[in-house]
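Structure first, then comments.
Only the coordinates and a few stated rules stand behind these numbers; no lab work does. Since the model is a prediction, treat every value here as computed from it, not as a measurement. Reconstructed Cβ throughout: ideal geometry from the backbone, glycine too, with neighbour counts over all protein chains shown.
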Amino acid sequence: MAQTYNVLFLCTGNSARSIMAEAILNHKGKGRFVAYSAGSRPSGTPRPEALQQIESAGMSIEGLRSKSWDEFAQPGSPRMDFVFTVCDNAANETCPMWPGHPATAHWGLPDPAAVQGSPEEIAKAFREGFMVLDRRIGLFLSLPMATLEQLSLQREIEKIGRA
């Protein structure tokens, strides 16, 4: 039986990028991966534009919510195998200690929630962010997890963040 890996995507507000990454990995990696998302200062609500992108890709938005990363540092929380930061602010913050020493990488991308402009310009920013995350997650899913040793795996996931 194949191992199931837990993945946590972190961002400051947990309203857009990390939420989209959680949905993408749970959809594409179903059975092999369980994705979660959280933020250091969660906004409390996912951005409607992020939820629209997820739904327009045919993915479920059920259960998606903005939450604190403290939920995943508590006793009894799922043990993470991978932790990815998807925004520069979260990458520079002091993160909680994750039990089990998960592999970590920074997969930063511009914040679509910070875009000002017309509704079309904002929608375009969310669509582009979604596509970058979708591509990176596709690359991540193609890694031969079971055969890579930890150090090699760490290098490979860091490369994906530069893709």
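Numerical summary
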| item | result |
| --- | --- |
| Nearest 10 degrees, 0 to 90: helix 119-141 Cα axis against the chain principal axis | 10 degrees |
| Mean ellipticity per residue at 222 nm, deg cm²/dmol - from DSSP H runs of n ≥ 4 across the chain, formula -39500 (n - 2.57) | -11500 deg cm²/dmol |
| Exposure proxy ranking, count of Cβ atoms within 10 Å, fewest first, for L143, L153 | L143, L153 |
| Projected-area mean, the chain, by convex hull of Cα positions, square nanometres | 9.4 nm² |
| Length-normalised contact order of the chain in % [C-alpha pairs under 8 Å, at least 6 apart] | 24 percent |
| Angle between the chain longest axis and helix 150-160 axis [Cα atoms, degrees, rounded to 10] | 20 degrees |
| Selection from H106, S15, A146, by position along the positive dipole direction of the chain (Cβ) | A146 |
| Taking region 26-78 and dividing mean pair separation by its residue count, relative contact order in percent (alpha carbons under 8 Å, at least six apart) | 41 percent |
| Between 0 and 90°, nearest 10: helix 17-28 axis offset from the chain longest Cα axis | 60 degrees |
